[in-house]
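Worksheet: one structure, shown below.
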Amino acid sequence: MKMKTLLTGLAMLALLGAFLGSALAQRPASGPEDERMVRMMKMMKMMEQMQDQMKQMHGQMAQMKQMHEQMTQMKQMHEQMSGMMQQHRAEMQKVCPGAAAPDPTQKGG
């Protein structure tokens, strides 16, 4: 009889321990360590977002640099073409002074 009572008591203690353990495991994060952990997780998430934003900004800056280089090349080509046109006009005026077309870069007329 004593053995049955002892086994029943141990079984009850085991069930009670299991119930309390699961209840404690499901409790909300409220201790200082838990709050610190939550804050650290939020900070890590914010840092990841900042890194993603920085990567996007670097990509945008690379695109802008590429566009600037293209614009610089276009400007240089325009200047070369303008120089060639002026040279062509000068040569045409030497060969045939009355046949040269008016200079479109000069205003008035």
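A short reminder: the numbers here are calculations on the coordinates, not readings from a lab. This structure is a prediction, so every number in the text was calculated from the model and none was measured. For neighbour counting, all protein chains shown are included, and Cβ atoms are generated from backbone atoms with ideal geometry for every residue, glycine included.
Rounded to the nearest 0.05, the FRET efficiency derived from the C-beta distance between Gln51 and Arg89 at R0 = 41 Å is 0.10. Phi-derived couplings, Karplus 6.51 cos²θ - 1.76 cosθ + 1.60 at θ = phi - 60°, listed residue by residue for the range 72-84: 4, 5, 5, 5, 4, 5, 4, 5, 5, 5, 4, x, 5 Hz, with x used for Gly and Pro.
Phi angles across the range 55-63 convert, under the Karplus curve 6.51 cos²θ - 1.76 cosθ + 1.60 with θ = phi - 60°, into 3J(HN,Hα) values of 4, 4, 5, 4, x, 5, 5, 5, 5 Hz, Gly and Pro given as x.
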